[in-house]
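Chemist: Here's a structure for you.
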Amino acid sequence: MKKITIGKMPQLPFEMSEAINQLRVNLSFCGSNVKTIMVTSSTPNEGKSFVTMQLWRMIAELGTPTLLIDCDFRKSEIRRKYGLSTSGHLLGGVHYLAGKAELDDVIYETNIPNGYILPVAKNVTNPTILLESERFGQMMEQCCEKFGVILVDTPPLGSVADALNIATHCDGTVLVVRSGETPRKLVGNSVQLLQRTEVPLLGVVLNRAEVNSKSSMYYNRYYKSGYYYKEYSHEKSGNAQK
């Protein structure tokens with residue numbers, strides 16, 4: 001298997017790492033049948049890719065072979081932000097979906113133990129035909145057979161419909177929301193869109209949240225990094241908050 005190096009993956013402060021760990025634990029309670037998880041947001045710059053990358057690293061480092069699929073084909077920034085580099089010509093999901101490469105050619109082993117990535121090597125203007133192709137479904141099925149957990153990073157829901165096409169090939173979804181920035185109505189619209197796919201909404205991550213209640217001083221210690229996780233049932237939102 002070809003290798004790729006992630007050059008910009010700094011260690012998180014303890015508080016932030018603990019928040020990501022709580023998200024990981026909550027997702028593990030969703031059951032063994034939930035192994036392919038899509039992470040999305042309503043708008044750009046809500047921290048979607050950051051949450052995906054950190055969650056992917058944590059799951060992998062704990063010993064589970066974990067694949068990150070970058071499906072933000074229009075405007076992926078993972079390659080630039082995290083300094084992805086390889087010795088040869090970089091191939092990605094678009095090459096596979098276009099029939100120019102096989103799956104083994106576009107999945108890379110990384111310098112994160114048990115961490116694998118299927119990157120975006122080249123952005124495309126309109127990937128709709130690729131996402132709706134039979135080859136995309138085959139890619140997801142084969143990846144599911146090869147890895148213990150798969151995290152899929154997608155474009156924001158409010159920008160394009162790509163994430164809705166991708167969701168139908170996943171076992172569940174996670175919605176990242178930036179606290180104080182994303183209008184509540186827009187978040188509600190995103191939840192409704194995801195529910196129409198009939199794929200379970202596993203939870204919402206509230207990014208950069210302020211938690212100042214005196215009744216939750218213990219949680220302030222671990223969540224002052226700005227993460228809030230709300231768990232959803234498959235039918236409607238629940239009341240479990242971490």
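The values are calculated or read from the model by the stated rules, or taken from the named source; none is laboratory data. On a predicted model such as this, the values are computed, not experimentally measured, just so you know. Backbone-built Cβ (ideal geometry, glycine too); neighbour counts: all protein chains shown. Side chains are part of the model used for accessible areas, which takes the heavy atoms of the whole protein and leaves out ligands, DNA and RNA. Shrake-Rupley method; radii C 1.70, N 1.55, O 1.52, S 1.80 Å.
Chemist: What ranking do 49-60, 10-21, 111-122, 88-99 get when scored by the average of other Cβ atoms within 10 Å per residue, highest first?
Modeler: Per-residue mean Cβ counts within 10 Å order the peptides as 49-60, 111-122, 88-99, 10-21.
Chemist: Using the Karplus equation 6.51 cos²θ - 1.76 cosθ + 1.60 (θ = phi - 60°), what ³J(HN,Hα) coupling, rounded to whole Hz, does each residue of region 137-154 give in order, writing x for Gly and Pro?
Modeler: Whole-Hz 3J(HN,Hα) from phi for region 137-154: x, 5, 4, 5, 5, 5, 5, 5, 6, 8, 10, x, 9, 10, 10, 10, 8, 10.
Chemist: Taking a probe of 1.4 Å, how large is the accessible area per residue of the chain, in Å²?
Modeler: Per residue, the chain has an accessible area of 50 Å².
Chemist: Further question on the same structure: Which one, Asn21, Leu68, Thr5, is farthest towards the positive end of the dipole of region 1-73 when Lys and Arg carry +1 and Asp and Glu -1 on their Cβ?
Modeler: The one lying farthest along the dipole's positive direction is Thr5.
Chemist: While we're here: What number, in nm² with one decimal, is the all-direction average of the projected area of the convex hull of the alpha-carbon atoms of region 1-66?
Modeler: If you wrap the Cα atoms of region 1-66 in a convex hull and average its projections, you get 6.0 nm².
Chemist: A further question follows. Convert 25 °C to kelvin, take the viscosity as 0.890 mPa s, use the Kirkwood radius over C-alpha pairs of the chain as Rh, and evaluate the Stokes-Einstein diffusion coefficient in µm²/s, rounded to a whole number.
Modeler: Estimated via Stokes-Einstein, D reaches 135 µm²/s.
Chemist: Please compute P(r) over all alpha-carbon pairs of region 126-184, binned at 5 Å starting from zero, and give each bin as a whole-number percent.
Modeler: With 5 Å bins starting at 0, P(r) equals 4, 14, 25, 23, 16, 9, 6, 3.
Chemist: Here is a follow-up. Calculate the dipole size of the chain relative to its Cα centre from +1 charges on Lys and Arg beta carbons and -1 charges on Asp and Glu beta carbons; express the result in debye to the nearest 20.
Modeler: 780 debye
Chemist: Starting at 0 and stepping by 10 Å, how many percent of the alpha carbon pairs of region 18-109 end up in each bin?
Modeler: Going out from 0 Å in 10 Å bins, region 18-109 shows 13, 43, 35, 10, 0 percent.
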